[in-house]
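Inspection log for the structure reproduced underneath, given as C-alpha cells.
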C-alpha cells in the first residue's frame with residue numbers, strides 16, 4: 001500500500017519538476033529577448049515611426065518633455081517586443097506539457113491553434129501598420145491649420161511626443177492583432193459546443209454591441225480607429241458564421 005501511494009507522489013513530483021523547467025525556460029527566453037530588443041530599441045522605434053515619417057513634411061518634430069521619457073519608452077518597447085516573441089514559446093511549452101493528457105483530436109486542434117493564432121495576430125498587426133496607422137495619421141494631420149490676426153500668425157501643427165506616439169502605435173497593433181484572433185476563439189467555442197451558430201445569429205445584435213465596446217477598449221481614444229476596428233471585427237464574425245456551417 002505505501003508503495004502504491006509513493007508512485008502517484010513520484011509522478012506528481014515529476015510533473016511539477018517538468019512544469020518548473022518549462023516555466024524557467026520561458027522566463028530565461030523572455031529576459032534574453034528583452035535584452036536583445038532593448039539593444040535594438042532605437043531601430044525598432046524607427047521602424048514603428050516610419051508611417052509618421054511618411055506623412056510628415058520637412059521640419060516636423062518628434063519631441064520628449066521629460067529627461068527620462070525616451071529611456072522609459074524604449075524599456076516599454078523592449079517589453080512589448082519580447083512579450084511578442086515569448087508568447088508563442090509559452091503556448092508551445094504549455095502544449096508540450098499538456099499533450100500527454102490530450103486525445104488525438106484535441107492534439108490536432110491545439111496544433112492548429114498554435115500554428116494559426118500567431119499568423120492571424122501578425123496579419124492583424126500588419127494591417128494596422130501598413131494601412132490603418134498611415135490613414136489615421138493622415139486624418140489627424142489634416143487638422144493642422146494657420147490662424148492669422150493682423151501681422152500675427154499662429155500655426156497649429158502636429159508634433160507628438162515620443163511616448164504618446166509609441167502608445168498610439170502599440171495600441172493599434174495589439175488591438176488589430178487581437179481582433180484577428182476572434183475568428184479562432186469563436187470557432188473554438190462553436191467546436192466545443194459552448195455556443196452554437198444559431199445562438200450567435202439569434203443574438204447577433206448583442207455581439208455587435210460587444211464588438212464596439214471591445215474596439216473602444218483595444219484602440220486609442222479616437223472614433224476613427226474604433227470604428228475601423230469594429231467594422232473589421234463584424235466582418236470577421238460574419239466570416240466565422242459562414243465557414244462554421246461547413247467546417248464545424
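Every number in this text was worked out from the coordinates using simple rules, so none of it is lab data. For clarity, every value in this text was computed on a predicted model and none was experimentally measured. Here the Cβ is made from the backbone with ideal geometry for all residues, glycine too, and neighbour counts use every protein chain on show.
Can you put 92, 37 in order of Cβ neighbours within 10 angstrom, beginning with the fewest? Can you show the working numbers first?
Details: 92 13, 37 22.
With the sparsest Cβ surroundings first, the list reads 92, 37.
At 25 °C and 0.890 mPa s, grab the translational diffusion coefficient of the stretch 159-217 from Stokes-Einstein with a Kirkwood Rh over Cα pairs, rounded to a whole number in µm² per second.
182 µm²/s
With no solvent and one point on each alpha carbon, what is the Debye value of log10 I(q)/I(0) for the stretch 109-173 at q = 0.12, 0.16 Å⁻¹?
Scattering profile of the stretch 109-173, log10 relative to I(0): -0.51, -0.71.
Relative to the first principal axis of the alpha-carbon coordinates of the chain, what is the inclination of helix 69-98, with its axis defined by its Cα atoms, in degrees from 0 to 90 and to the nearest 10?
Helix 69-98 sits roughly 20 degrees off the main axis of the chain.
By counting other Cβ atoms within 10 Å of each Cβ, how are 156, 186 ranked from fewest to most?
156, 186
Specify the angular offset, from 0 to 90 degrees and rounded to the nearest 10, of the alpha carbon long axis of helix 182-191 from the longest principal axis of the alpha carbons in the chain.
30 degrees
How do 99, 90, 146 rank when sorted from fewest to most other Cβ atoms within 10 Å of their own Cβ?
146, 99, 90
Above 25 Å lies some portion of the pair distances; for the stretch 1-122, what is it as a whole percent of all C-alpha pairs?
Working: 3697 of 7381 pairs.
For the stretch 1-122, the share of Cα pairs beyond 25 Å comes to 50 percent.
Find the all-direction average of the projected area of the Cα convex hull for the stretch 56-188, expressing the result in square nanometres with one decimal place.
Taking a quarter of the hull surface, the average projection is 11.4 nm².
Can you tell me the Rg and the Dmax, both Å, for the Cα atoms in the stretch 108-248?
Rg and Dmax of the stretch 108-248, Cα atoms, are 19.5, 73 Å.
At a temperature of 20 °C and a viscosity of 1.002 mPa s, determine how fast the chain diffuses translationally according to Stokes-Einstein, using the Kirkwood radius over alpha-carbon pairs as Rh; express D in µm²/s, rounded to the nearest whole number.
After rounding, the answer is 99 µm²/s.
How tilted is helix 104-127 with respect to the longest principal axis of the chain? Cα atoms for both, answer in degrees (0 to 90, nearest 10).
For 104-127 against the chain, the angle is about 10 degrees.
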